[in-house]
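Okay, structure first, notes after.
The values are calculated or read from the model by the stated rules, or taken from the named source; none is laboratory data. Computed from a predicted model, the values in this text were never measured in an experiment. Positions of Cβ are generated from backbone atoms using ideal geometry, with glycine treated the same way; all protein chains shown enter the neighbour counts. All accessible areas refer to the heavy atoms of the entire protein, side chains included, with ligands and DNA or RNA removed. Shrake-Rupley method; radii C 1.70, N 1.55, O 1.52, S 1.80 Å.
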Amino acid sequence: MELLHKGKAKKIFADSKSKKYVVIEFTDNVSAGNGKKKDIIKGKGNLACDLSEFFFRYLKKKGVDTHFVKRLDGSQMRCTKVEILPLEVVCRNVAAGSFCKRYGIKKGTELASPLIEFFLKEDKLHDPLISEDAAIRLNLASEFEIAFMKSVALSVNYYLTVLFTQVNLTLIDFKLEFGKNSDGAILLADEISGDTIRVWNSKGQSFDKDLYRKDEGDITTAYSFLLEKLNETKPNKVLQREEVLYVSVMPKDGIKNPPGEVTKKALIRLGFGDATEVRMGKIFEIHLSKPITSGLIEQLTLMNLKLLSNPIAEKHNVRMEM
Ligand code: UDP
């Protein structure tokens, strides 16, 4: 098989069957501190592949669009070929790792609600934290793509958190990567394994790569334990999370908007003399029982043109946040 890319822990090969796919091989290489600490740990690749397969299959069942296609022999899987976006998406429930160092927060501090952070994938710069605005200005992702990745990361967080809770484990944080397929759809890609998540038991013991990062234990034992526990879970008992999409419909620029003009006059009458123009539109709040996917947005955009708005006089916008 033709080697397309060799990463720190995975190799990507061309798939002999179709140009639409690649074969991802999970290797036994493990590294930390941007490659400062490096080792080969026998069996790690296979376990990371097993865990990723478990998570991708589970998330697919819950409606998340992933690149996973089929498990192959050994530590390989067939996946949809995607172009990886140069951003790492981290979701945190509890303070740990770089978050604690950056803000001087005590490890184990619970966050009031899940936090999404973006990191620039650039080894030379040590993958720095990047603001959403900077990622957009640098054309690393569009505003819509940023919102889309956040929404999927929050869905993944819900589905994994609930599953881990069934076996008394806590999902502390995790990192996701996304890629675009040949049709431009954004899929959850890369891997989800002990290498990319933090999971603790009720005593605060880790079952993830922190054991390797801090020389505190054997990761193959930890990853095997995670797999064993995940196989005890009942994925069907995890309820679908409600997602909300917002479609705003506004009169196009230059089109007269009588309701807005009436409102403007009323505002001025009430003493709000600073209003120079008021334009009135509408917002549809669409509740869904499945995570948001590129296909769903496409479908909604088509329907929206026909049903929710008048494309001649109005412009519309699909959002994941109000
Ligand atoms: N993570 C990862 N790859 C990276 C950096 C982080 O998979 O290059 C994962 C890490 O395992 C953890 C989460 O992302 O589950 C948050 O990591 P953090 O930002 O705290 O960085 P770290 O302490 O791992 O350097």
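Some notes on this structure:
- Inter-part distance, the stretch 108-145 to the stretch 221-293, computed on C-alpha centroids, equals 22 Å.
- For Leu302, solvent-accessible area (1.4 Å; no DNA, RNA or ligand), Å²: 110 Å²
- Heavy-atom accessible area per residue - the chain, 1.4 Å, Å²: 54 Å²
- Percentage of interatomic Cα-Cα distances in the stretch 130-240 larger than 26 Å: 31 percent
- Cα-centre dipole for the chain with unit charges at Cβ (Lys and Arg positive, Asp and Glu negative), debye to 20: 220 debye
- Spacing of the two label points (7 Å from each Cα toward its C-beta) at Glu216 and Asn236, in nm: 3.7 nm
- Overall, the stretch 89-220 carries a charge dipole of about 460 debye about its Cα centre when +1 sits on the Cβ of Lys and Arg and -1 on the Cβ of Asp and Glu, all other atoms neutral.
- Assigned charges on the beta-carbon of Lys, Arg, Asp, Glu; the stretch 25-180 dipole about Cα centre (debye): 380 debye
- Taking label points 7 Å from Cα along the Cα-to-Cβ direction, Val167 and Asp73 give a separation of 2.8 nm.
- Under 5 Å, built H, 5+ apart or other chain: amide partners of Asp65: Leu188
- Radius of gyration and Dmax over the Cα atoms of the stretch 74-138, both given in Å: 15.0, 42
- The modelled label-to-label distance for the pair Tyr103/Lys8, using points 7 Å beyond Cα in the direction of Cβ, is 2.3 nm.
- Around the amide H of Asp28, modelled in the peptide plane, lie the amide H atoms of Gly45, all under 5 Å away and 5 or more residues distant in sequence or on another chain.
- In straight-distance terms, cross-link reach from Lys19 covers every one of the lysines whose alpha-carbon lies under 26 Å from its own, apart from those fewer than eight places away in the same chain; here that gives Lys6, Lys8, Lys10, Lys11, Lys60, Lys61, Lys70, Lys81, Lys121, Lys180.
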